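J.: Dumping the structure here so I can ask a few things about it.
The values are calculated or read from the model by the stated rules, or taken from the named source; none is laboratory data. Note that the coordinates shown come from a computational prediction; the quantities given were computed from them, not determined experimentally. With ideal geometry, Cβ positions are generated from the backbone for all residues, glycine too; neighbour counts draw on all protein chains shown.
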């Protein structure tokens with residue numbers, strides 16, 4: 001009896017086996033929800049797996065959002081540019097799997113463990129959350145742990161830079177899209193000075209008033225870094241409110257974020273790591289000039305290309321005048337150069 005069953009089993013195996021030389025089964029593209037824990041907070045994300053041959057391990061990229069309440073898709077309340085979802089789609093077209101997630105204070109994740117004390121949330125907590133996400137991406141059955149990348153937009157680019165020099169295994173590529181490339185408060189001061197100059201151009205302030213406001217902005221930055229009370233008397237109401245928040249509920253985060261000087265972090269990248277750094281000529285939040293020191297630091301770190309790419313007419317959300325709702329062609333070209341194809 002047993003020999004008869006064995007014969008049947010062998011016969012079935014012969015019948016159902018794939019013909020020699022048959023192409024492997026193609027697995028269609030799919031998104032799936034990924035849930036992981038970081039510092040006691042349940043974090044929710046989306047893993048996009050492009051179409052691939054069954055059993056084939058894919059290159060994969062962690063996609064990190066910018067500052068503020070920016071969720072996994074790159075959206076904020078009342079602003080839905082879908083920046084990160086679109087970037088993930090571009091990478092998927094190059095057969096790169098992606099993981100993007102709702103960071104603290106956004107989407108399904110919310111404040112998590114910081115719900116009852118949001119003032120304790122600092123920038124290193126966001127970096128640890130991103131590191132946990134990288135490890136989740138590394139361990140997915142479809143991804144190649146030796147072909148991982150990290151891509152970040154704005155503040156997320158600074159986080160990507162920090163991860164690039166500290167995670168294991170080290171990523172083969174790091175993409176810094178319109179990155180926060182100088183200290184946070186220096187960037188804020190630069191933005192505020194530009195806004196004040198524009199207000200003078202429009203006749204809202206006199207040049208004399210501009211001088212007073214600019215001096216007050218610089219004094220506020222100095223006070224914040226010295227952990228002294230900020231004087232807001234000479235600041236416009238909106239700017240005064242901003243600095244009041246910086247020394248109030250957001251103080252811990254601002255102080256810890258401002259402590260990071262991105263060019264210094266570049267030295268930890270592995271030589272030869274493929275790095276893309278983009279800056280848009282119409283980006284008022286991160287002007288190209290702010291990326292000069294980081295670009296030089298990356299060169300000294302002996303990383304690979306594509307290097308810095310200036311995006312003509314492109315704004316902070318990766319759009320240009322002809323493409324107000326989707327990444328500009330120059331952005332698509334830069335991403336394709338970074339990701340390549342198999």
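J.: Picking from 266, 194, 215, which residue would you name as being surrounded by fewer than 14 Cβ atoms within 10 Å (Cβ to Cβ), within 29 Å of the chain's Cα centre (by Cα) and either at pLDDT 95 or above or in a strand (DSSP E or B) (or both)?
T.: The match here is 194.
J.: Residue check, residue 311 against (1) touching a residue at least 40 places away in the same chain (Cβ under 8 Å); (2) crowded, with 19+ Cβ neighbours inside 10 Å; (3) farther than 18 Å from residue 166 by Cα, all met but one. Which one?
T.: Every condition holds for residue 311 apart from (1).
J.: Quick test of your reading of the structure: residue 283 fulfils all but one of (1) closer than 24 Å to residue 61 by Cα; (2) surrounded by 14 or more Cβ atoms within 10 Å (Cβ to Cβ); (3) touching a residue at least 60 places away in the same chain (Cβ under 8 Å). Name the failing condition by number.
T.: So the condition that residue 283 fails would be (1).
J.: Do we have residue 144 as surrounded by fewer than 24 Cβ atoms within 10 Å (Cβ to Cβ) and without any contact (Cβ under 8 Å) to a residue 12 or more places away in the chain here?
T.: no
J.: Identify all residues within region 197-212 that are surrounded by fewer than 18 Cβ atoms within 10 Å (Cβ to Cβ) and without any contact (Cβ under 8 Å) to a residue 12 or more places away in the chain; write none if there are none.
T.: Once the filter is applied, which keeps residues that are surrounded by fewer than 18 Cβ atoms within 10 Å (Cβ to Cβ) and without any contact (Cβ under 8 Å) to a residue 12 or more places away in the chain, region 197-212 yields 198, 199, 200, 201, 202, 203, 204, 206, 207, 208, 209, 211.
J.: Right, another one. Is it the case that residue 175 is assigned by TED's automatic domain parsing to the domain that holds residue 292 and either surrounded by 14 or more Cβ atoms within 10 Å (Cβ to Cβ) or not in a loop (DSSP other than H, G, I, E, B) (or both)?
T.: Criteria met by residue 175.
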